[in-house]
Ligand code: E4P
């Protein structure tokens, strides 16, 4: 399973990319609104930092508008993926732009059948929203698991992005469910790398190293 970063913050993206674990980025209008900068310049800067897919969302509600936005976004950089919501107009737009070679990530997916339709329309990625389903008492990860199974049974190449990830256990469950990608907020990524036993282990090793006669640390 690949890890994408779910943020529009260039600072977070630069840091996470330097860890060598980030294969792509997803944004949405809410995340972009936190940056206080024009949308296209944010997308352009992210695409310069990340070589993998960078999802940027269209906000039109009609297919013609979504197609126009998709064309404009795809001119920003070759790795832009256009996020389009799963509506009838969204499906029309996905099928039109995918024939032009523009990759799409169909978003706001809450059922495997929505994911199947998106894939049949030509989506490169589908994004089931795990956390938002959990929030209303459903088991969000079931949608990821069922979608992965359906795509496998029917030889569908569309990739499943587990989205709306709220904590590390979501990432663990997404990996076990066979998601191709989990898109994680930077806070979750930081939580994934931490473990109190790792911290304690480093402390103990350093304390013991200081007892080694003549021991020094690189750069000291
Ligand atoms: C990413 O593709 C989604 O837009 C994002 O994960 C949604 O997360 P949220 O439900 O925490 O807003």
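What follows draws every value from the coordinates through simple rules; no lab data is involved. Please read these numbers as outputs of a predicted model, since none were measured by experiment. Because the Cβ atoms are built from the backbone with ideal geometry, glycine has one as well, and the counts that use them run over all protein chains shown.
Taking just the alpha-carbon atoms of the chain, what radius of gyration and Dmax come out, in angstrom?
For the chain, the Cα radius of gyration and maximum Cα-Cα distance read 20.0, 73 Å.
How do 1, 66, 141 rank when sorted from fewest to most other Cβ atoms within 10 Å of their own Cβ?
Exposure proxy ranking, most exposed first: 1, 141, 66.
For the chain, what's the relative contact order in percent, using C-alpha pairs closer than 8 Å and at least 6 residues apart?
16 percent
Among 108, 5, 189, rank each residue by its count of other Cβ atoms within 10 Å, from fewest to most, as a rough exposure measure.
Result, fewest neighbours first: 108, 189, 5.
For residue 192 and residue 72, what is the calculated FRET efficiency with R₀ set at 35 Å and r taken between the beta-carbons, to the nearest 0.05?
My answer for the efficiency is 0.50.
Just rank 216, 111, fewest to most, by other beta-carbon atoms within 10 angstrom.
Listed from fewest to most nearby Cβ atoms, that is 216, 111.
Given R₀ = 35 Å, what would the calculated FRET efficiency be for residue 205 paired with residue 169, taking r from the Cβ atoms and rounding to 0.05?
The pair residue 205/residue 169 has a calculated efficiency of 0.75.
Can you give the helix-only mean residue ellipticity at 222 nm for the chain, where every DSSP H stretch with n ≥ 4 adds -39500 (n - 2.57) and the sum goes over all residues, rounded to the nearest 500 deg cm²/dmol?
-15000 deg cm²/dmol
How tilted is helix 168-177 with respect to the longest principal axis of the chain? Cα atoms for both, answer in degrees (0 to 90, nearest 10).
Helix 168-177 sits at roughly 60 degrees to that axis.
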